[in-house]
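The values are calculated or read from the model by the stated rules, or taken from the named source; none is laboratory data. As the structure is a computational prediction, the values presented were derived from the model and not from experiment. Cβ placement follows ideal geometry from the backbone for every residue including glycine, while neighbour counts extend to all protein chains displayed. Surface areas here come from the heavy atoms of the whole protein model, side chains and all, with no ligands, DNA or RNA. Shrake-Rupley method; radii C 1.70, N 1.55, O 1.52, S 1.80 Å.
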Amino acid sequence: GGDWRIPPRRASLKQRVLLIHPPRLPSQPTRANFPRGAAQIASFLQAHDWPVGVVPLQFAAVADVTPAEVVETILETVLAEFRPDVVGISCPYTICFHTCIGILQAVKRHREGIITVIGGPHVTFTDAETARAACVDFVVRGEGEWTLAELLAALEAGRDPADVPGLTFRRGAATVRTPDRPPGDLAELPPIDFTLFP
């Protein structure tokens, strides 16, 4: 603890968002890639006034190698300090899926009321299956910047997320799959804000 940059609480109703990049792959235990997707989405959200942070777990853990209690301790510390309303995780590879689900399960154990979101290439194409996981509240399909921002705005305003393109989620026993979101305008993406990292 202590070195986590916590954006100040604002008087607005903006949700606090924590984005997680999973531990690095066991097949590449010494290679930690920069979490470009999570960093870009976080920078986009921050540019639109959401308090946001990024947890690059790949710099601290190796999937299926680092003991689960070590990863849980890192998560507990960050969740307690940052106090997020929404936690998102990027699933960049199919081999990361079970690790991402385990992390979201740990998030829900920390506080059931946290809204969980998962995105990335694997879940974009397995969205209905992924949405059946009890620890997943929303699956973001495709590029996440605009979809996540619109989801946050809908939740804050009490609007139905079924009106947000690019989402898959459960509603009772049914799976809701909203229309695909067309690609966003890349000119709207801000430079990556490296202060969002611990």
Checklist entry - Hey, any hits in region 44-54 for a residue that's farther than 21 Å from Ala153 by Cβ and under 17 Å from the mean Cα position of the chain (by Cα)? => result no
Next on the checklist: Anything in region 148-172 that is over 14 Å from Thr116 (Cα atoms) and of a type outside the set (Gly, Ala, Ser)? List them, or say none.
Outcome noted: Glu150, Glu156, Arg159, Asp160, Asp163, Val164, Pro165, Arg171
Next on the checklist: I'd like to verify a number: residues in region 49-68 that are assigned to a helix (DSSP H, G or I) and over 21 Å from Thr116 (Cβ atoms), how many?
Outcome noted: 1
Checklist outcome for this item: Turns out the strands (runs of 3 or more DSSP E) fully within region 83-198 with at least 3 residues that are touching a residue at least 24 places away in the same chain (Cβ under 8 Å) and open to solvent by less than 40 Å² (accessible area, probe 1.4 Å) are 86-90, 115-119, 138-140, 167-171
Next on the checklist: Name the single residue that is least open to solvent (accessible area, probe 1.4 Å) among those in region 19-35 being more than 22 Å from Gln105 (Cα to Cα) and in contact with a strand residue (DSSP E or B) (Cβ under 9 Å, 6 or more places away or on another chain).
Outcome noted: Ala32
Checklist entry - Does Gln46 fit the bill of being in a helix (DSSP H, G or I), of a type in the set (S, T, N, Q), in contact with a strand residue (DSSP E or B) (Cβ under 9 Å, 6 or more places away or on another chain) and open to solvent by 20 Å² or more (accessible area, probe 1.4 Å)? => result yes
Item to check | Candidate set: region 55-72, residues that are open to solvent by less than 60 Å² (accessible area, probe 1.4 Å) and within 11 Å of Pro29 (Cβ to Cβ); chosen: the one nearest to the chain's Cα centre (by Cα) | outcome: Gln58
